[in-house]
1. For a protection proxy built on the mean count of beta-carbon atoms within 10 angstrom, sort 248-254, 348-354, 108-114 highest first, please.
2. Dipole magnitude of the chain about its Cα centre, charges +1 at Lys/Arg Cβ and -1 at Asp/Glu Cβ only, in debye to the nearest 20?
3. Leaving out ligands, DNA and RNA, what percent of the accessible area of the chain is carbon and sulfur, probe 1.4 Å?
4. Search the structure for amide H atoms under 5 Å from the amide H of Asp251, placed 1.01 Å from N in the peptide plane, and list their residues when 5 or more places away or on another chain.
5. Among 227-240, 264-277, 82-95, how do they line up by average Cβ neighbours within 10 Å per residue, starting with the highest?
6. Quick one: what are the phi-derived ³J(HN,Hα) couplings along region 102-118, Karplus 6.51/-1.76/1.60 with θ = phi - 60°, whole Hz, x for glycine and proline?
7. From the P(r) of region 97-160, can you give the percent of Cα pairs sitting at distances over 16 Å?
8. If Rh is defined by the Kirkwood formula over all Cα pairs and Rg also comes from Cα, what ratio Rg/Rh do you get for the chain?
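The values are calculated or read from the model by the stated rules, or taken from the named source; none is laboratory data. Here the structure is a predicted model, which is why all the values come from computation and not from measurement. Counting neighbours? That spans all protein chains shown, and the Cβs are built from the backbone with ideal geometry, glycine included. Just so you know, the surface numbers come from the protein's heavy atoms only, side chains and all, with ligands and any DNA or RNA stripped out. Shrake-Rupley method; radii C 1.70, N 1.55, O 1.52, S 1.80 Å.
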Amino acid sequence: MKKPFLPLALLFATLACSILQAPTLPTPFPTSTVLPSPTVAPPPPLRSLAEERGFWIGSAVSYEYLRADSIYGDLVAREFNLLTTENDLKFGPVHPEPDRYDFEGGDALVAFAQANGMAVRGHTLVWDSQNPDWLVGGNTTRDELIRLLREHIYTVVGRYRGQIAAWDVVNEAIDGDGNLHDTFWLRGIGPDYIPLAFQWAHEADPDAILFYNDQGAERMNAKSDGVYALVKRLRDGGIPIHGVGMQMHVDLYTAPPPGEVAANMARLGELGLEVHITEMDVRVGSEITPEKMHRQAVIYQDMLKVCLEANNCDTMVVWGATDRYSWLSERTSMQDAGVLFDIDYRPKPAVEALLERFELTE
Ligand code: XIL
């Protein structure tokens, strides 16, 4: 009866050896040498570190997605202490017919922000895009257009008086050469549409801080010179403008040099203007690699550093919270991966990089 013992033992030994020598095989069963994995504390929310430093870290939010996806809402409320109304308060969505406003999205976003202790940036009152057909298709005289824009601004800004802290009053009015863009508003009213819009927004909410917002004017170039000249004229003329928004839609290879962004912020500061980074995303192109994610993280970190070190910049807004719903995904089927959380709401290296930057700041 002892006979089978030796061959069996050999068989087991051989098996054990082959298992040990073949690291690609899965471990057959747990052993006492497997230690429980150490508990890793989850990273703190971005907003907690921002708040400790009196800083606003924001995301553009669309009611369309907030309404449909509570995981998205939880992410936004956990990570950000400010939201920008991405589309809901643009002229077309909010004023779809001459005598009808639709405040459903705007009201819901403001209520969401209040419920979660977040500030709101209102976006945007005067722009050449996303205007309703009844407006741009109409044969309107200059006087009618002035009346109409004043009524629009009074109605929208007035509704959220005391609830929307900052407004992008005029969006993208300067072209690449630094001149006034040929827009619907310029053609219809003339250059006065800009000071008039600021004046009316100020009358509708005297406590709101009012911004001129543009893209591609972050570094020192012809466009940012044009923006500087415009806002200087407005300031010199006593027009109520309080800040400039740097949109910061950039990619891995054309992100502006931090030193130039700092110099641009500084010259705007000398005019008594605040600067907000208002719409940041960093496109990485079609293929996502760890190297690209690292480079993206560095760009986010550099821009936060510039803002934190400037004495007139206390706000950085990313144009979306997750790649699942960012406008880049709308256009490029999620391949641009430009914001801070991926399509499964997981933080990218850029989040860690921002946390690290906050921690290095008093
Ligand atoms: C974008 C929105 O994110 C998209 O959902 C929409 O389809 C088009 O507009 N500069 C701006 C923003 O000032 O209003 C734009 O937002 C992005 C570029």
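1. 348-354, 108-114, 248-254
2. 1300
3. Taking all protein chains in place, the chain shows 55 percent carbon and sulfur surface.
4. Amide H neighbours of Asp251, under 5 Å, 5+ apart: Arg283.
5. 82-95, 264-277, 227-240
6. For region 102-118, the Karplus curve yields 10, 9, 4, x, x, 4, 5, 5, 5, 5, 4, 4, 5, 5, 10, x, 10 Hz.
7. It works out to 55 percent of all Cα pairs.
8. 1.16
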